[in-house]
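The values are calculated or read from the model by the stated rules, or taken from the named source; none is laboratory data. Fair warning: this is a prediction, and the values are worked out from it, not measured in the lab. Counting neighbours? That spans all protein chains shown, and the Cβs are built from the backbone with ideal geometry, glycine included.
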Amino acid sequence: MTTAAPKRPRTASDTKQQLIERTVAKQMGVCAVSHVQIKWTLGGTMRESADLAAVAAARPVFASVQADFEQAVAAAATQLHLWPPATLTRLASCATNGHLGHGDLEAARRCLEAFVGSFDPTIDMALIQKRKQIDLIKKTQLKAVQLAGSHGHKEEEEEDLLPLTRNDWTLVRLLVSFYFVLLGPVYVETLSHGSMKNDEYATLCGGVIPELDVQYRLIPLDATQSSDYYSEAQVQVFLATYGNYINLDWAAMVCSVRQFPQALSDVLNLAISSSESIAADCEDMLHQVAEGIPFEFPPPSAVCVCLHLLHVLLKTTKQAAVDWCVLMYPRVSPWNVQWALFGASVDFDQTNSTYLSYLTALLQKAPASRGDASIITHWLHMHFAQHQAEDVLLAFLQYPSVYMHPDVSALCFKHGRWSCLVQIVLHASDGPASSLSAIFHAMMQLDNPGRPLQYILEEVEAYMQQDTALDGVSKDDRVYVGILHALFDACGPQLGLRLLDTCPTLIKLAPRQLYAAVVHMQSLQHAYVFFSITDANSFVRCF
């Protein structure tokens, strides 16, 4: 006797889902899946272009712009072009504008990459002429064949046979330049929704592109991120191919932020060779410098002129050039000044007084530069190597959050900058007592520690007196007791009391705490009465 196979139990979910779909379709006349067509409008000053407005008007749905652009790119890939066709240029401009308006920067970058790859200004003209003859034969044979629906794009196909207009060339340069900016790390936001004002972007390593209604800011990267972007060799190849279509001031900023010395040299050479006005400006300024005639520095937007003349200006008009470089920060960065002073190799020279003057002025007048660890490191080593005035370092130490306390402490200790060392201790995040303990122990290793220790205590005494004079209340007793414990722990009660005897004001601040600290130290050493008579008398006089 055979048994029938068990039936699959019917679930209520299947029936319920079907019922819901039928009810919605019947009562509301809609389907469970709908297709959304994204409409769009041109942003920025591109909307003022009649050619682009016509392209946008014929394609109110953004998907049609993307489809036509991809079709134009595919058609361009079958031919060799010295420059892009007019229709492709306008479609690329509209597609890039639309992607940026929708906040899709990656899609805009892919669009620009496809556009830039559609032409090569360096290809052989003989190959182009040969290809044109072949294309002409094909067009003659297919002239009578008209595909359905092709009439709407007849005018655009005819436009591709004509040379680009002046407006089209402007668009080509804009798209190629913006693509070059996107080769490295960059932050882009629309002007209408941007968190920063336009004039603030003008002071940063970036700029405003009104045609696309965006503003950008170049971001420095570290060595771990460099593999994700173009290398210097790749940038040089790109410049050799598309250098005549790039905004060279933008390119100079990109190469400076990426710290590409050879690529920056290529950009400046292109600027001089491709623009008669830039070459004339450089010659006029060099003539004024040579004749000692007063001159004005170029505007901040003329980055190529500035960088091309920087090495001459830093040698002939040192102070004026330093002030101008500080004013131009971060568009003109410390790396640019190094590049101008030391050459393309950018070898760091601790003995160069011009670079030290620049870094000192930069840290004093440009607060944003204090957050760059490399600037701080370079300046500190040059400060001690060239024996710069101690007041400069004391002023810098008023910003404890911008430097590494152990590194600066080691330099101050090595070069005997005791006043600076005390300032570091007083601003230490882990408290003065902890830092002083390490310093006192290090001083005990010196051949004659008495004088440095006494100097440190005199600085602490002056600091405590100043604080008491300001508000009439002395420092927290815990800080004072911590300092005493650090002193006695490092040099012992006997030497500690002899040193304190030279600072009577420091002793009178809290004599009971001092007595307690001495007793505590003696109890730790199991020697309660082993003071010398002189030390005991010195301590009694405090009361």
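Do any helices (runs of 4 or more DSSP H) lying entirely in region 214-320 carry at least 2 residues that are within 28 Å of THR45 (Cα to Cα) and in contact (Cβ under 8 Å) with a residue 12 or more places away in the chain, and which ones are they? If you could, list the steps in order and put the result at the bottom.
Details: elements: 232-242, 248-258, 261-274, 276-291, 303-316.
Fully inside region 214-320 and qualifying: 232-242, 248-258, 261-274, 303-316.
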Condition check for TRP324: in contact (Cβ under 8 Å) with a residue 60 or more places away in the chain, in a helix (DSSP H, G or I) and of a type in the set (Phe, Trp, Tyr):
no
Within region 346-374, how many residues are in a helix (DSSP H, G or I) and closer than 18 Å to ALA321 by Cβ?
14
Any hit, region 279-289, residues being among the aliphatic types (A, V, I, L, M) and within 30 Å of THR122 (Cα to Cα)
yes
Residues of region 216-261 satisfying the condition of being out of contact with any helix residue (DSSP H, G or I) (no Cβ under 8 Å at 6 or more places or on another chain) and surrounded by 19 or more Cβ atoms within 10 Å (Cβ to Cβ)
VAL257
Reported set for region 351-380 where residues are in contact with a Pro (Cβ under 8 Å, 6 or more places away or on another chain) and surrounded by fewer than 14 Cβ atoms within 10 Å (Cβ to Cβ) is ALA368, SER374
Somewhere in region 262-271, is a residue modelled with pLDDT under 80, out of contact with any Phe, Trp or Tyr (no Cβ under 6 Å at 6 or more places or on another chain), surrounded by 15 or more Cβ atoms within 10 Å (Cβ to Cβ) and of a type in the set (A, V, I, L, M, F, W, C)?
no
Within region 59-74, the residues that are over 17 Å from HIS102 (Cβ atoms), small (Gly, Ala, Ser) and without any contact (Cβ under 8 Å) to a residue 12 or more places away in the chain are ALA74
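Checking the structure you have, find out if any residue of region 399-409 is over 28 Å from the mean Cα position of the chain (by Cα) and either surrounded by 14 or more Cβ atoms within 10 Å (Cβ to Cβ) or not in a helix (DSSP H, G or I) (or both).
yes
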